[in-house]
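Asks: Take a look at this one; I'll ask things after.
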Amino acid sequence: MATKKVSIKKKVTKKVSAPRVKVAPKADASALTADVYTALGKKHSTTTLPESVFGLPWNGSLVQQVVVGMEANARTPVAHTKTRGEVRGGGKKPWKQKGTGRARHGSTRSPIWVGGGVAHGPRNDKDYSKKINRKMRVKALYTVLSRKVKDGEVLFVDSLSFSAPKTSEAKKSLSAFAGIKGFELLTTKGKNAALIALAQKDMATMKSFRNFGNVTVVETKDLNPVVVLKHARVIFINPEGAIAALTARS
């Protein structure tokens, strides 16, 4: 008896596409803001920080390379020893070569003699300098400043000016800044507590802070990774001018 083949039709289900959902545009991640304070330590306004200067990720290898190179370039060898050819005297052979029973010597200025030259001593003619590209130095500075901003170690002050050099007025400003959260150590840390960066040269301000051993005042255009890393906090005076001076270096 022949068997009939039964064909089974598969039910095909149509895929229903999900409705399209409109995605809202992402917020601008480059919009970094920071509070601006007055010389009395009161919050005054806010300022927008460029991401290219204050929003870079940490690059430890770049910072290490630039810092080591800058410190090597600032190194001035002072220690200098004389070799046996530079020490005065020793032109005559101490004794004849053979027959005395003593060791043979050709000069009393050999390194093994008292008053002789120094073998493998320090020399001031050695060059320790290293080449650092300008772009590397600038990016390392931006990287360090970005890390400082991220850690809350940067303070922006709208203005700070003195009609005449006055240490007492500078002390009042430091005490006011120490009242801001995160900057309490300005009046307690003994060394390298703060680096004050001025948008332009102001001799009255520089002289006002000159008597403080834990504060350094420089112009913003002269900032470098080494001096920024050596200080616990950085205070920018006149944020607009400081940002303009920093972006001009890129």
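The values are calculated or read from the model by the stated rules, or taken from the named source; none is laboratory data. Predicted, not measured: the structure shown is a model, and the values here were computed from it. Positions of Cβ are generated from backbone atoms using ideal geometry, with glycine treated the same way; all protein chains shown enter the neighbour counts. Protein only, heavy atoms only, side chains kept; ligands, DNA and RNA dropped before computing areas. Shrake-Rupley method; radii C 1.70, N 1.55, O 1.52, S 1.80 Å.
Asks: Order these peptides, 234-243, 154-163, by their mean beta-carbon neighbour count within 10 angstrom, highest first.
Replies: Output ranking for 234-243, 154-163: 234-243, 154-163.
Asks: Under a cut-off of 13 Å between alpha-carbon atoms, report the aspartates and glutamates in cross-link reach of Lys82, not counting same-chain residues fewer than 8 places apart.
Replies: Asp125
Asks: In addition: Run lengths n ≥ 4 of DSSP H only: what is the helix-derived mean residue ellipticity at 222 nm for the chain, with -39500 (n - 2.57) per run over all residues, to the nearest 500?
Replies: Roughly -7500 deg cm²/dmol at 222 nm, from the helical runs in the chain.
Asks: Further question: Would you mind getting me the FRET efficiency between Ala79 and Lys207? Use the beta-carbon distance for r and R0 = 35 Å, nearest 0.05.
Replies: Result of the calculation: an efficiency of 0.50.
Asks: How far is it, in nm, from the label point at Asp125 to the one at Glu86 when both lie 7 Å from their Cα along the line to the Cβ?
Replies: Here the answer is 0.7 nm between the modelled labels.
Asks: Would you kindly state how much longer the chain becomes between Ala244 and Lys98 on full extension, computed as 0.36 nm times their sequence separation minus their alpha carbon distance, in nm to one decimal?
Replies: 44.6 nm
Asks: Let me ask another. Gly213: net charge of surrounding residues, Cβ under 12 Å, Lys/Arg +1, Asp/Glu -1, itself excluded?
Replies: Here the count lands on +3.
Asks: Round to the nearest 0.05 the FRET efficiency obtained for Lys43 and Asn224 when R0 = 35 Å and r is the Cβ-Cβ distance.
Replies: In this case the efficiency is close to 0.75.
Asks: Go through Lys130/Lys207; Lys150/Lys172; Lys166/Lys189; Lys130/Lys189; Lys166/Lys191; Lys131/Lys230 and tell me which ones have a Cα-Cα distance over 25 Å in this structure.
Replies: Lys130/Lys207; Lys150/Lys172; Lys130/Lys189
Asks: Something else: Assign unit charges at the C-beta atoms only (+1 for Lys and Arg, -1 for Asp and Glu), then state the dipole size of the range 122-250 relative to its Cα centre in Debye, rounded to the nearest 20.
Replies: It works out to roughly 560 debye.
Asks: Leaving out ligands, DNA and RNA, and with a 1.4 Å probe, what % of the accessible surface on the range 91-250 is carbon or sulfur?
Replies: Carbon and sulfur atoms account for 49 percent of the accessible area of the range 91-250.
Asks: Something else about it: Using Cα Rg over 2.2 N^0.38 Å as the read-out, say which of [x] 1.89; [y] 0.97; [z] 1.19 was calculated from these coordinates.
Replies: It is the value labelled [x].
Asks: For the chain, take the longest principal axis of its alpha carbons; what is the angle in degrees between that and the long axis of helix 134-150, to the nearest 10 within 0 to 90?
Replies: Here the helix axis deviates by roughly 60 degrees.
Asks: Within the chain, what percent of beta bridges assigned by DSSP are antiparallel, to the nearest 5?
Replies: If we restrict to bridges inside the chain, about 30 percent are antiparallel.
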